[in-house]
Every structure is written in C-alpha cells, then in structure tokens.
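The values are calculated or read from the model by the stated rules, or taken from the named source; none is laboratory data. Computed from a predicted model, the values in this text were never measured in an experiment. Calculation scope for accessible area: heavy atoms of the full protein, side chains included, ligands and nucleic acids excluded. Shrake-Rupley method; radii C 1.70, N 1.55, O 1.52, S 1.80 Å.
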Amino acid sequence: MAKDIEVGGQGEFHAKDYHDPPPAPLIDAEELTQWSFYRATIAEFIATLLFLYITVLTVIGYKSQTDANHGGDGCGGVGILGIAWAFGGMIFVLVYCTAGISGGHINPAVTFGLFLARKVSLVRAVMYMVAQCLGAICGCGLVKAFQKSYYTRYGGGANELADGYSTGAGLGAEIIGTFVLVYTVFSATDPKRKARDPHVPVLAPLSIGFAVFMVHLATIPVTGTGINPARSFGPAVIYNKDKAWDDQWIFWVGPFIGAAIAAFYHQFILRASAAKALGSRRSSPNI
C-alpha cells in the first residue's frame, strides 16, 4: 500500500490510501461462463473490423487518387498525413467506444503487453487475439467485396517492407513503434494516475490515438506501419500475395517484442513493481 499526498484547497495536506489492483489470474476458467467476457470479445471483433475497413479504404483511396496511370493527381488524395490521421483517429474513436466494455485493445500486441503485466488472464488474451485477427480479416474482406478491382490493383492495404530498407530496419521500426504505443497505453490507463488525476481516463483514448498517429508518420515509409499484428494479418489473408506473406513475420515479432519491452519498462522500471515486491518480502517479519 502506498499513500499519495494531495494538497487541499486551504493548503492542508490529505493522505489518500492507494491500492494496486490484484493481478489477473493466469488462467481464469470462470470467465468462460460470463456473458461480459463474450460481450467484450465481440466488441474487440467489431472494433477491429471497423478499424481495418476504414483504414484500408483510406490507403486504397489515396493510391487510386494519386495513380498517374489512371488519371490521378500525384499531389492529390489525403497524403501520408491523412493516412496517419485515419489510423490514429479510428483508434481514438474505437478506444473511446469500447474501453468500458473490453478495455479497447484492438491490437494483439497491446493485449500481449497487458497479459505480461497481468492485467488480463491468458484465456481473455487468447480470445481477444483470435477475435482481433478474425475482425481484421472480415474488415478487409468487406473492402475487397465492395471495391475488388481497386483492392487488387493497389495492394489491398497489406504491410510490406519498403524497397531500400533492410529487414533489420523494418524490424526495428516495428519494435520501437509498438513500444511507443504500448507504453502510452500503460501510462494512459495506469490506475494510480487515475486515482490521482480524474482527467486521465477521459484523455486516454486521445493520447493512444495520437501515439498511433505519430508512429505512422515515422514508419509508413519503412513498413507501411504495422505495430498491430491483426492489422497486418487481415490484409495479408485477403490480398494473399507472396511479398505480404514473406514479410509477415516482421509484423508479429516486432510488435510482440516492442510490447514486451514496454510492459517491462512500465511495470518494473517506472512503477518498480519488482523492487516493491522484493522489499515487502524482505521487510515482512514472517520471512
């Protein structure tokens, strides 16, 4: 237990007890009997479907508007800035809509990082990841169903390592980009900050969406920006070309490594959870 000191309106100090929430059980079979668990899984599926539908349409629309071979204007379309806004804006909207139901993960890397920090159980983490990947496939499937010729012609929104960049550069971009995102998620949803600053939960979707926007600005030229294995997996399944599949491992390994580093950094460096636990054990008279 830690005590936070707050300053009152009259200059007085008030101590407020703060308790870290208990870690989620590794395997919680009881969740499988609860409707709230399935409702949250459905929310992750629908949110990821909508995320891929809007963002992949934006990418394809931009490429079609700038395709000089089909009457496009090289300076037209939303540009890379608009694509980054589409990804960041959709994350902001969807996290805002689903945070109270499923936590608003919409990303297997985020789910993986929260699982490592014991914020969610293994059962919930696996179900969320499956729902996210299925949602991504369905979202891209809708895009192809509505605009099949454009979808095939302009790459289906699939993530691929750009020409001129090494595999190491692409992997590094995905690791660092995902670290920025998952670190923001941990900071924006930190229960201690929520207890101290009531405005933090309100701003969480905005800060997470803005992190996605900034990472896209930096890494679109390198990998097209994955930082979300479901976002890369869905287009690869529907587009189904060799290049997308050859580079697919980058968009799983990179984000999972980045998420693991972010979880470790936040939990064991910034929050010093390991040091606190060790110190409490050493100070206990029973040990």
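The table below lists the values:
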{"item": "Over the range 32-270, volume per residue of the alpha carbon convex hull, in Å³", "result": "120 Å³"}
{"item": "Rounded accessible area of Lys241 (nearest 10 Å², 1.4 Å probe)", "result": "90 Å²"}
{"item": "Backbone HN-Hα couplings from phi across the range 139-148 [Karplus 6.51/-1.76/1.60, Hz, Gly and Pro as x]", "result": "x, 5, x, 5, 4, 5, 5, 7, 9, 4"}
{"item": "Cα-based Lys proximity count in the range 32-270, under 16 Å, for pairs eight or more positions apart or on separate chains", "result": "6"}
{"item": "Integer Hz, Karplus 6.51/-1.76/1.60 couplings in order for the range 255-260, x for Gly and Pro", "result": "x, 5, 5, x, 5, 5"}
{"item": "Candidate residues Glu30, Glu160: accessible-area rank, largest first, probe 1.4 Å", "result": "Glu30, Glu160"}
{"item": "Carbon and sulfur %, accessible surface of the range 121-163 computed with the full protein complex present, 1.4 Å", "result": "64 percent"}
{"item": "Heavy-atom accessible area ranking, 1.4 Å probe, most first, across Ile83, Ile46", "result": "Ile46, Ile83"}
